[in-house]
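This report concerns only the one structure given below.
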Amino acid sequence: MIAKAMQVLNGLPSMVLQLITLVMSNFFSSFNANVVVANIVLPVLCEMALALEMHPLILTLPACLAISMVYFLPVSTPPNAIVTQYAHIKTKYFACCGILPTFIGLFVSMLNTNTWGMLIFPEASSFPDWAKEIKNRTKI
């Protein structure tokens, strides 16, 4: 079901898909706990990568980093909430100060995934054999 829905994204370059997953993961993580978002988003991204015939690391690695980088809302992580409450910082000030680090973090994550990520995981540039076997299985 997910594979059919993701066929719309089939013609997009991997950088655009990474950008979409980065922004989506960061947005979801801004309003929920990181673990919850990771448990929901990462399996979907793995299925999406299999449907688009790309290595799952290309989508999941930057998404994991984006889920961890939530700077602009107090509800994003418990430390943000503690600092906001203790220092009596208003949410609008917290958000204004957190937007720039969030964008910088997303840019650096995408840059690192496409440079260091490909050096550390050279097999991520091609569709893996184990994924071909999973994709070719007959569903009963």
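The values are calculated or read from the model by the stated rules, or taken from the named source; none is laboratory data. Please read all numbers here as calculations on a predicted model, not as lab measurements. Neighbour counts are summed over all protein chains in view; Cβ atoms, including those assigned to glycine, are modelled from backbone coordinates with ideal geometry.
I'm trying to understand the selection: among the residues of region 78-133, which are within 20 Å of the chain's Cα centre (by Cα) and among the polar types (S, T, N, Q)?
Thr102, Ser109, Asn112, Thr113, Asn114, Thr115, Ser125, Ser126 - these are the residues of region 78-133 that are within 20 Å of the chain's Cα centre (by Cα) and among the polar types (S, T, N, Q).
With Tyr71, Tyr93, Tyr86 as the choices, which residue is more than 23 Å from Phe121 (Cα to Cα) and outside any helix (DSSP H, G or I)? Show your work before the answer.
Values: Tyr93 fails: outside any helix (DSSP H, G or I); Tyr86 fails: outside any helix (DSSP H, G or I).
Matching residue, one of Tyr71, Tyr93, Tyr86: Tyr71.
Quick one: which of Ser125, Ser109, Ser76 is surrounded by 11 or more Cβ atoms within 10 Å (Cβ to Cβ) and either aliphatic (A, V, I, L, M) or farther than 22 Å from Asn32 by Cβ (or both)?
Details: Ser109 fails: either aliphatic (A, V, I, L, M) or farther than 22 Å from Asn32 by Cβ (or both); Ser76 fails: either aliphatic (A, V, I, L, M) or farther than 22 Å from Asn32 by Cβ (or both).
Residue meeting the stated conditions: Ser125.
Pairs please, first residue from region 108-136 and of a type in the set (A, V, I, L, M), second anywhere and modelled with pLDDT of 85 or more and part of a loop (DSSP other than H, G, I, E, B), Cβ atoms under 7 Å, 6+ apart in sequence or on different chains.
Going by the 7 Å Cβ cut-off, the qualifying pairs are Ala124/His55.
Are there any pairs with C-beta distances below 8 angstrom linking a residue in region 75-87 that is free of Cβ contacts under 8 Å to residues at least 24 places away in the same chain to a residue that is in a helix (DSSP H, G or I), with the two at least 6 apart or on different chains, and if so which?
Final answer for the pair search is Asn80/Phe94; Thr84/Thr91; Thr84/Phe94.
How many residues are at pLDDT 85 or above and either polar (S, T, N, Q) or not in a helix (DSSP H, G or I) (or both) when one looks only at region 103-125?
6
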